[in-house]
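Undergrad: Sharing a structure, written as structure tokens. Questions coming.
Where a number appears in this text, it was derived from the coordinates with a stated rule and is not lab data. These figures come from a predicted structure and were not determined experimentally. For neighbour counting, all protein chains shown are included, and Cβ atoms are generated from backbone atoms with ideal geometry for every residue, glycine included.
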Amino acid sequence: MQNLKKLKGDASHRKFFRKKYNDVNSIKILAKKDKFKNLLVYDAISKILNKNKILAPKLYQENYRNNYIEVQDFGNETIFKILKKSKNKKFLYFKNIIKLLNQIQSIKDKKIRNFKNKYYRIPEYKNKILIQEANLFCEWYAKQNLSKNKRQNFNKKFKRIIKNLTSCLKMKNDTFVHRDFHVSNLMLTNNRIGVIDSQDALIGNRAYDLASLVDDVRLKTSKILKKKIFNFYIDSQKKSDKKKIKNDFEILSILRNLKIIGIFTRLAIRDKKKNYLKLIPYTWDLISLRINQNEIFSNLKKLLKDNFKKDL
């Protein structure tokens with residue numbers, strides 16, 4: 001007997017259904033929009049992860065023509081849910097997540113055959129992409145919150161500062177970057193941590209996924225815990241330059257969170273998903289936390305304070 005149950009969606013245009021068939025569960029992912037990325041690339045990246053002994057949903061069947069794939073079901077137990085309930089074991093979970101991150105960052109595969117039997121090569125996370133992403137802050141949040149005259153002046157300065165910040169990154173783009181590596185995309189399944197939502201993966205800076213994990217806008221954590229997680233990662237990096245990691249971590253955390261404010265505003269205005277707006281104040285808190293730690297942010301700090309004093 002087969003039945004389908006619609007599951008809660010995420011920030012994307014995908015729809016998810018849990019399929020029960022003869023006591024076996026699977027997830028149907030339906031994507032009419034961006035279906036190359038959301039179906040073909042999603043499975044290709046999952047294949048690379050599984051090939052490297054990292055748990056990711058395996059493909060059961062594809063029906064690309066009808067806009068869906070069917071994949072392994074990891075259940076409902078996200079690490080986010082577990083950490084919300086857990087008071088004392090948070091750092092223990094994060095230690096295991098950092099070990100998983102190190103495993104992901106050791107992946108050498110950059111291409112794989114997709115289910116259409118064509119090679120998919122993971123693109124590079126070039127500075128141009130980082131700049132475009134940060135500029136979503138101008139396109140959506142600044143547009144919504146500043147007058148036209150103020151906005152033109154702000155955008156000009158903002159874009160110049162962001163370009164300059166990306167040029168201050170010190171590490172190479174040579175690492176597998178999940179790009180949405182936070183506890184809502186990690187699932188506990190059969191006592192292992194599985195990784196979902198991997199379709200945006202690129203080859204980029206090793207500090208990026210660390211920044212999205214430590215400065216996660218969805219899960220509030222103390223400064224002490226953030227420091228402990230960061231230091232645990234640093235201690236696990238035997239050959240890496242710790243100063244370079246810290247520099248890039250701070251820059252990428254701020255760029256990522258400016259992007260997120262832009263995306264959450266876009267979700268509310270364009271897609272009518274207004275529940276994301278409640279996460280924006282904490283995103284500003286995270287920007288405030290990092291912007292005071294490095295003098296290279298002094299121009300950005302002044303610009304944001306001049307225009308968004310109540311937020312920063």
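Undergrad: All but one of (1) surrounded by fewer than 17 Cβ atoms within 10 Å (Cβ to Cβ); (2) farther than 27 Å from K28 by Cα; (3) not β-branched (V, I, T) hold for K90; which doesn't?
TA: (1)
Undergrad: Next question. When you look at L312, is it in a helix (DSSP H, G or I) and among the hydrophobic types (A, V, I, L, M, F, W, C), yes or no?
TA: Answer is no for this residue.
Undergrad: If I filter region 270-279 for residues that are in contact with a Phe, Trp or Tyr (Cβ under 7 Å, 6 or more places away or on another chain), surrounded by fewer than 18 Cβ atoms within 10 Å (Cβ to Cβ), touching a residue at least 60 places away in the same chain (Cβ under 8 Å) and over 30 Å from I107 (Cα atoms), do I get at least one hit?
TA: yes
Undergrad: Have a look at K227, K172 and point out the one that is on the phi < 0 side of the Ramachandran plot and outside any loop (DSSP other than H, G, I, E, B).
TA: Result of the check over K227, K172: K227.
Undergrad: Does at least one position in region 47-64 carry a residue that is within 25 Å of A207 (Cβ to Cβ), of a type outside the set (V, I, T), crowded, with 19+ Cβ neighbours inside 10 Å and touching a Leu at 6+ places or on another chain (Cβ under 7 Å)?
TA: Checked region 47-64: at least one residue is within 25 Å of A207 (Cβ to Cβ), of a type outside the set (V, I, T), crowded, with 19+ Cβ neighbours inside 10 Å and touching a Leu at 6+ places or on another chain (Cβ under 7 Å).
Undergrad: Identify all residues within region 245-292 that are among the acidic types (D, E), out of contact with any Cys (no Cβ under 9 Å at 6 or more places or on another chain) and either assigned to a helix (DSSP H, G or I) or within 17 Å of K310 (Cβ to Cβ) (or both); write none if there are none.
TA: The answer is E250, D285.
Undergrad: So, one more: Could you check region 108-134 and list, in sequence order, the residues that are surrounded by fewer than 19 Cβ atoms within 10 Å (Cβ to Cβ) and part of a loop (DSSP other than H, G, I, E, B)?
TA: Hits for region 108-134 are K108, D109, K110, F115, K116, N117, K118, P123, K126.
Undergrad: Can you name the residue in region 290-301 that is in contact with a helix residue (DSSP H, G or I) (Cβ under 7 Å, 6 or more places away or on another chain) and not β-branched (V, I, T) and is also surrounded by the fewest Cβ atoms within 10 Å (Cβ to Cβ) among such residues?
TA: Per the criteria, the residue is Q293.
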